[in-house]
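Visitor: Below you will find the structure I want to go over with you.
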Amino acid sequence: MGLPSQKRTKSSGKRRASHFALAKPAVNKCANCGTSILPHHACKKCGFFKGAKKVASKTKSTKK
Ligand SMILES: [Zn+2]
């Protein structure tokens with residue numbers, strides 16, 4: 001069986017692990033209400049997409 005030729009020090013392991021962090025998702029702000037939204041998605045709060053109302057917002061439809 002193959003064995004490691006050299007000892008992995010704490011520092012070399014930590015240096016390798018420095019690239020393990022996950023990238024944070026890109027977050028935009030809604031032009032209408034200012035809520036944080038994912039790019040290329042309609043706003044979940046007000047249903048606006050590209051400056052016009054495209055999707056019926058859930059909050060208004062559930063109340064009626
Ligand atoms: Zn919005």
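The values are calculated or read from the model by the stated rules, or taken from the named source; none is laboratory data. Treat the numbers as computed from the prediction; the structure is a model and nothing was measured. We place every Cβ from the backbone using ideal geometry, glycine too, and count neighbours over all the protein chains shown.
Visitor: Mind checking which residues of segment 5-61 are over 20 Å from the mean Cα position of the chain (by Cα), within 16 Å of the ligand (Cβ to nearest atom) and in a loop (DSSP other than H, G, I, E, B)?
Guide: Correct list: Asn32, Gly51, Lys54, Val55, Ala56, Ser57.
Visitor: Follow-up question, since we're still on this one. Any residue in segment 20-37 that is hydroxyl-bearing (Ser, Thr, Tyr) sitting within a Cβ distance under 7 Å of a residue that is part of a loop (DSSP other than H, G, I, E, B)? List the pairs, counting only those 6 or more apart or interchain.
Guide: Thr35/Cys43; Thr35/Lys45; Ser36/Val27
Visitor: Which number in (1) at pLDDT 90 or above; (2) on the phi > 0 side of the Ramachandran plot; (3) surrounded by 13 or more Cβ atoms within 10 Å (Cβ to Cβ) marks the one condition that Cys43 misses?
Guide: Cys43 satisfies all of (1) at pLDDT 90 or above; (2) on the phi > 0 side of the Ramachandran plot; (3) surrounded by 13 or more Cβ atoms within 10 Å (Cβ to Cβ) except (2).
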